[in-house]
Amino acid sequence: MKVKVKVDAWVSTLLWGMNVFFVVIAFAVPAEEIWIFLVVILPMVIFMAWILIGSYYEFQEDLLFIKLGPLFGKIKYDNIKSLALKKNWVSSMALSSKRIEIKEHKKGYIMGTTYISPVNREEFYEDLKRRCYYLEKNE
């Protein structure tokens, strides 16, 4: 089951606004320098659009698949140590401040903590929790 990534309005406005800005600027670039624009700016435009359009979370048989544009991650349900609903701006695989914090067994805070921001966060949280058999009891 694929679940869309929740994107805060200001994040969406910022990324789409930058894309529109870059496209408008392209018309002002002199013809002999358009190759610079295509090499430098076009990949950024594609990357930002891909993040906004091509992002989702998917429950697979034994793992959570995370897709954020061209970036992806996989977290096995058996490796999940704790789950928590959070509101923060720590950099991760989320585009909203309302997130689910996932901590993994045998990993430190930096490499073992992932934040995701699915649409219908509470429902997703409960569904994910049902799939994780090795959650610590104090969480």
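The values are calculated or read from the model by the stated rules, or taken from the named source; none is laboratory data. Note that this is a predicted model, so its numbers are computed, not measured. In this analysis, Cβ positions are derived from the backbone assuming ideal geometry, glycine residues included, and neighbour counts consider all displayed protein chains.
Among the numbered conditions (1) in contact with a Cys (Cβ under 7 Å, 6 or more places away or on another chain); (2) more than 20 Å from F124 (Cβ to Cβ); (3) not hydrophobic (A, V, I, L, M, F, W, C), tell me where P30 comes up short.
For P30, the failing item is (1).
Name the single residue that is farthest from the chain's Cα centre (by Cα) among those in region 66-75 being part of a strand (DSSP E or B) and surrounded by 14 or more Cβ atoms within 10 Å (Cβ to Cβ).
The qualifying residue farthest from the chain's Cα centre (by Cα) is I75.
Counting only residues that are free of Cβ contacts under 8 Å to residues at least 60 places away in the same chain, under 15 Å from D127 (Cβ atoms) and hydroxyl-bearing (S, T, Y), how many does region 37-89 have?
Counting residues in region 37-89 that are free of Cβ contacts under 8 Å to residues at least 60 places away in the same chain, under 15 Å from D127 (Cβ atoms) and hydroxyl-bearing (S, T, Y) gives 2.
Say we look at region 8-34 and pick out the residues that are touching a residue at least 24 places away in the same chain (Cβ under 8 Å) and among the aliphatic types (A, V, I, L, M); which of these is farthest from F47 (Cα to Cα)?
It comes out as V11.
Would you mind finding the one in L83, L95, L52 that is surrounded by 14 or more Cβ atoms within 10 Å (Cβ to Cβ), modelled with pLDDT of 95 or more and either on the phi > 0 side of the Ramachandran plot or in contact with a helix residue (DSSP H, G or I) (Cβ under 9 Å, 6 or more places away or on another chain) (or both)?
Answer to the selection: L83.
For residues that are in a loop (DSSP other than H, G, I, E, B) and among the hydroxyl-bearing types (S, T, Y), scanning just region 87-139, find the one that is nearest to S12 (Cα to Cα).
Per the criteria, the residue is S96.
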